[in-house]
1. In degrees, nearest 10, range 0 to 90: what is the angle between the Cα axis of helix 80-106 and the longest Cα principal axis of the chain?
2. What does the charge count around Gly49 come to, taking other residues whose C-beta lies under 14 Å from its C-beta (Lys +1, Arg +1, Asp -1, Glu -1)?
3. Scan segment 26-86 for chymotrypsin sites (Phe, Trp or Tyr not before Pro) in coil per DSSP, keeping those whose Cβ has at most 10 other Cβ atoms within 10 Å, and list them by number.
4. First obtain the Kirkwood hydrodynamic radius of the chain from its Cα pairs, then insert it into the Stokes-Einstein equation at 20 °C and 1.002 mPa s, and state the resulting D in µm² per second as a whole number.
5. Tell me, what is the percent relative contact order of the chain, built from C-alpha pairs under 8 Å that lie six or more residues apart?
6. Calculate for the chain the 222 nm mean residue ellipticity that helices alone would give, adding -39,500 (n - 2.57) per DSSP H run of length 4 or more and normalising by residue count, nearest 500 deg cm²/dmol.
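Every read-out reported here was derived from the displayed coordinates using simple, explicitly stated rules and does not represent laboratory data. None of these values were measured; they are calculated from a predicted model. Note that we place each Cβ from the backbone using ideal geometry, even for glycine, and neighbour counts take in every protein chain shown.
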Amino acid sequence: MVGGEQQGAWRWPAMAAALVAGLNVFDALFTVALLQLGIGREANPLMRGLYQLSPWLFVAVKAAAVTGALAILLRHRARRLARLALALAAVVYLALVAYELAGLAGAR
């Protein structure tokens with residue numbers, strides 16, 4: 001690839017990472033809301049413990065962990081596996097946030 005082709009090939013992984021980062025924030029906030037309403041359960045025992053210590057600590061650690069993982073994937077975005085992981089993460093987070101929104105809508 002040369003010039004603009006190469007730049008375009010590198011652009012979508014960064015866009016996917018930005019999407020995942022944003023959806024991760026929504027996921028964390030929706031999870032806190034669902035837990036506060038008593039209609040959700042955090043499946044990850046480590047994150048459940050962090051939530052019990054402080055919901056804001058839960059959000060901060062979740063954001064930091066996902067941001068770190070995204071940074072690693074972007075650093076290796078030339079590898080097919082890293083690009084696949086970014087695409088898969090975007091799809092999974094879209095589905096997860098939609099699921100949480102449905103749970104919050106049903107809680108009204």
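1. Tilt of helix 80-106: around 30 degrees.
2. Values: positive: Arg41, Arg48, Lys62; negative: Glu42.
Computed value for this residue: +2.
3. Numbers: sites: Phe26, Phe30, Tyr51, Trp56, Phe58; in loops: none.
For chymotrypsin sites (Phe, Trp or Tyr not before Pro) across segment 26-86 that sit outside H, G, I, E and B with at most 10 neighbouring Cβ atoms in 10 Å, the list is empty.
4. Values: Rh = 15.1 Å.
Once the numbers are plugged in, D ends up at 142 µm²/s.
5. Numbers: 75 pairs, mean separation 44.8, N = 108.
This gives 42 percent for the chain.
6. Details: 4 runs with 92 residues, N = 108.
Calculated mean residue ellipticity at 222 nm is -30000 deg cm²/dmol.
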